[in-house]
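Have a look at the structure below, then the notes.
The values are calculated or read from the model by the stated rules, or taken from the named source; none is laboratory data. All values reported here derive from a predicted model rather than from experimental measurement. We place every Cβ from the backbone using ideal geometry, glycine too, and count neighbours over all the protein chains shown.
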Amino acid sequence: MPSFLRARCRMGALSMVLEKIFNSPAQIKIMRLFLYNADTTLGAPEIQKKTQLPSRVVGKELHRLLAADFLRERTVLGPPSPRAPRKRIRGWALNARFPYLPQFKNLLMGCQEFERATIARRFARAGRIKLLVISGIFLQSDFSRVDVLLVGDGLRQAVITQALKALESNIGKDLRYAAFETKDFLYRLSVYDKFIRDILDYPHEKLIDRFGLR
């Protein structure tokens, strides 16, 4: 087959996959969940819990992703019960042979510009924020000590927790974070605290920086 026809066939196949997949924000949540948990088989209850999506929506989107060959169906142990042994239930896992997996990883596992703005907005009510740093999972870096570093005054733990849970539901993975009051952070910075240096010396991005750090 001539190369231009092969390319056209590949584009046609990709278009069909995209039509089946990119249909709703819920699909993006579920796709990210499986991309960040590539070696894990998940049952519907766990998918609902991690994405905070209704069971009806989860069922619908799993069907679409299965049809697009993005997921494979497997079995997994169900939740424990005090009255009966754990049963094997229907589960799903990422299809490692999905032909466009590298492209989808690049597209969905990075932190896009609009998401950076969303992250900053979510933490805006957490106090008088002086520094907000993202790293780790948001930059696809395996070397960072945390995914989120927050520094400010009058920090409100309840707001921080709520913001983290909202972000985790979009990613499908627990986030590592650290929060410091300004005085504590500046002291640690001045004495070259290893934890702080490990964050700032590895790949990171400052979404808010009132200190003008280099």
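Overview of values
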| read-out | value |
| --- | --- |
| Failed item, numbered, when V76 is tested on (1) β-branched (V, I, T); (2) modelled with pLDDT of 90 or more; (3) in the same structural domain as L35 (by TED's automatic domain parsing); (4) in contact with a strand residue (DSSP E or B) (Cβ under 6 Å, 6 or more places away or on another chain) | (2) |
| Qualifying residue in region 123-132 (condition: in a helix (DSSP H, G or I) and out of contact with any strand residue (DSSP E or B) (no Cβ under 8 Å at 6 or more places or on another chain)) | yes |
| Filter result for A38 (of a type in the set (A, V, I, L, M, F, W, C), touching a residue at least 40 places away in the same chain (Cβ under 8 Å), outside the structural domain of K173 (by TED's automatic domain parsing) and surrounded by fewer than 20 Cβ atoms within 10 Å (Cβ to Cβ)) | yes |
| Count of region 158-214 residues which are of a type in the set (V, I, T) and without any contact (Cβ under 8 Å) to a residue 60 or more places away in the chain | 6 |
| Selected residue [assigned to a helix (DSSP H, G or I), not polar (S, T, N, Q) and not assigned by TED's automatic domain parsing to the domain that holds V58] from F180, F143, F138 | F138 |
| Count - residues of region 43-77 that are out of contact with any Lys or Arg (no Cβ under 6 Å at 6 or more places or on another chain), in a strand (DSSP E or B) and more than 19 Å from M109 (Cα to Cα) | 5 |
| Enumeration of residues in region 79-91 that are modelled with pLDDT of 80 or more and within 24 Å of the chain's Cα centre (by Cα) | R90, G91 |
| Residue match in region 100-119 (condition: surrounded by 13 or more Cβ atoms within 10 Å (Cβ to Cβ), over 15 Å from the mean Cα position of the chain (by Cα) and either modelled with pLDDT under 85 or in the same structural domain as K194 (by TED's automatic domain parsing) (or both)) | no |
